[in-house]
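Asker: I have a structure here, written as structure tokens, and I will follow up with some questions on it.
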Amino acid sequence: MRQVQNFIDGQFTGSASGRRFDKISPVDGTTIASVSEAGAAEVDAAVQAARAALHGDWGNLTTDQRADLLHGVANEITRRFDDFVAAEMADTGQPHHVMTHAFIPRGAANFKVFADVVKNVATESFVMPTPDGAGAVNYAIRRPKGVVAVISPWNAPFLLMTWKVGPALACGNTVVVKPSEETPLTTALLGEVMNAVGVPKGVFNVIHGFGPGSAGELLTRHKGVNAITFTGETGTGTAIMKAAAEGIRDVSFELGGKNAGIVFADADFDKAVDGIFRSAFLNTGQVCLGTERVYVERPLFERFVAALKARVEGVSFGRPETKGTDYGPLISAEHRKKVLSYYRKAVEEGATVVTGGGTPEVAAELAGGHWVQPTIWTGLPESAAVIREEIFGPCCHIAPFDTEAEVVTLANATDYGLSTTIWTTNLARAHRLSAAIEVGIVWVNSWFLRDLRTAFGGSKQSGIGREGGVHSLEFYTETANVCIKL
Ligand SMILES: NC(=O)c1ccc[n+]([C@@H]2O[C@H](COP(=O)([O-])OP(=O)(O)OC[C@H]3O[C@@H](n4cnc5c(N)ncnc54)[C@H](O)[C@@H]3O)[C@@H](O)[C@H]2O)c1
Ligand SMILES: O=C/C=C/C=C(\O)C(=O)O
């Protein structure tokens, strides 16, 4: 049985309490690892180690030396690519191609891009006149914020954790990471990489456990934490923001979504079907940027529903490492129960179930896994629960629309504001809609294309702040202005 330990001050360690929890395979329900649950002693040791590193070897490095180390981390991740793929497949049950083409390559990229941003982005300066005519010069300096708590979710664990750790370390901070209890493996593996590359001890720390009353809450309430970056459910964000208020700690939140996919009759039909299929069903629908509300211009509606149904019914379930598997399980029995409750609710509210709606036939050896059918609904009113609430599963509702104004109103009728995907060959219309839909991220004739230099984050209940490129510097550093009289 794989033993997963906390990683504190460069050492893998258990916990004073000896408490451990099981990591269950989403694929077949077997126990695949035993994980140490960090308590108050371990959380405090991790924060103290991070603090010491700030004032030790790490804090004494130049920006270029730090950037070189982070490029070394990226290179070591690449060298151990297969280890990270295997660990993340074990953690999530998601197919091999999802790991190799989408999620794991971003681990190295998230370190590389910010190592380069901190070296190449200028800080501002202004020369001002003064009454004596000699003038004064102002220039900005950036300092690390200090010890940053990183709390990450289970749906793309390595991508999402390194999306925060990369810029935090590039800016000179140190981190204490609390990965999701559902997916501890790749974050633990990154500790091995940090040691192998020679990142000073205490810079990168990992504590495992749960949220309320466990490592997550202990970390966010720890007075030695200077800032908190969190990705997860909106409700959890509320709890963490309350904890951050004690001691006035800055937060960066990437939260839930209920994203609209909009398909106009003039869209490239095959690309739109493929794009909506990916955005609704990739990672078994467990993608915050994914589409759960699809709106199709009426002349195309019937044809589009039939085409998406055919795509969905062609997926193959199976073990992630099995060649040809293109569809995995949900992360946990609890999440499966939640998604199936929405499947029932949709029928109670009068949905037409175009396909799916239940549990698929899988091989007997997989029967203990957290499998659900990919599902498409039509015929519901916009007030229906599956159209209002984030399900975070492989399902979407498709509704027809007639005018641009109508579909903008439909898309914006949500408390969330994360992302949208628009399919049309009329680019004037694409620009108009991109400005009108109240989200942080708009994709036109594409989905999940990511330039890591761009602003990334959600509006309304989907988040606070933007990360990406220079936007990450705004959160992971404190900017000071120096004014010198000439
Ligand atoms: N906006 C984005 O970029 C983005 C990306 C991925 C996932 N998400 C969202 O994340 C959710 C799915 O992930 P999840 O189920 O892991 O989210 P979650 O909120 O249940 O948990 C996320 C992390 O927070 C920890 N946590 C929970 N309660 C806590 C507390 N009170 N104090 C401190 N830590 C606490 C958990 O242990 C976990 O590590 C979905 O809502 C999805 O939309 C958003
Ligand atoms: O499930 C949500 C995926 C979020 C993706 C990112 O945060 C990213 O691409 O940086």
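Asker: Compute log10 of I(q)/I(0) for region 218-325 with the Debye formula, placing one identical point scatterer on every Cα and leaving out solvent, at q = 0.10, 0.16, 0.18 Å⁻¹, to two decimals.
Answerer: So the normalised log intensities work out to -0.49, -0.79, -0.87.
Asker: Another question about this same structure. Using alpha-carbon positions, what is the distance between the centroids of region 86-117 and region 427-449, in Å?
Answerer: 26
Asker: If the chain between residue 334 and residue 64 were fully stretched, how many nm would it gain, using 0.36 nm times the residue separation less the Cα-Cα distance?
Answerer: Full extension from residue 334 to residue 64 adds 92.6 nm.
Asker: Also, I was wondering about something else. Run through the DSSP bridge list for the chain and note the antiparallel percent, rounded to the nearest 5.
Answerer: Within the chain, antiparallel bridges account for around 40 percent of the total.
Asker: Also, I was wondering about something else. Restricting to bridges with both residues inside region 259-451, how much of the DSSP beta-bridge set is antiparallel, in percent to the nearest 5?
Answerer: Looking only at bridges with both residues in region 259-451, the antiparallel portion is about 10 percent.
Asker: Another question, then. Expressed in nm to one decimal, what extension gain is obtained for the pair residue 245 and residue 432 from 0.36 nm per residue of sequence separation less their Cα-Cα distance?
Answerer: 63.5 nm
Asker: Across all directions of projection, what mean area in square nanometres is found for the Cα convex hull of region 259-451?
Answerer: Over all viewing directions, region 259-451 projects a mean Cα-hull area of 10.8 nm².
Asker: For the chain, what does the helix formula give at 222 nm: sum of -39500 (n - 2.57) over DSSP H segments with n ≥ 4, over the residue count, nearest 500 deg cm²/dmol?
Answerer: Helices in the chain give a 222 nm mean residue ellipticity of -11500 deg cm²/dmol.
Asker: Same structure, new question: Compute the distance in nm between two label points, each set 7 Å from the Cα along the Cα-to-Cβ direction, one at residue 16 and one at residue 100.
Answerer: 4.6
Asker: May I pose another question? Cα atoms only: what Rg and Dmax, in Å, come out for region 86-163?
Answerer: 21.3, 70
Asker: Sequence gap at least 6, Cα distance under 8 Å: using those rules, report the relative contact order of the chain to the nearest whole percent.
Answerer: So the answer I get is 19 percent.
Asker: Let me ask something else. Using Cα-Cα distances under 8 Å and only pairs 6 or more residues apart, what relative contact order does region 117-219 have, in percent?
Answerer: 22
Asker: Please give the per residue volume of the convex hull enclosing the alpha carbon atoms of the chain, rounded to a whole number of Å³.
Answerer: Values: hull volume 75.8 nm³, N = 486.
Convex hull volume per residue, Cα atoms: 156 Å³.
Asker: Run through the DSSP bridge list for region 361-479 and note the antiparallel percent, rounded to the nearest 5.
Answerer: The answer is about 25 percent antiparallel.
Asker: Given Cα pairs under 8 Å that are at least 6 residues apart, what percent is the relative contact order of region 176-278?
Answerer: 20
Coordinate-derived values only; no laboratory data. Not measured: the values here are computed from a predicted model. With ideal geometry, Cβ positions are generated from the backbone for all residues, glycine too; neighbour counts draw on all protein chains shown.
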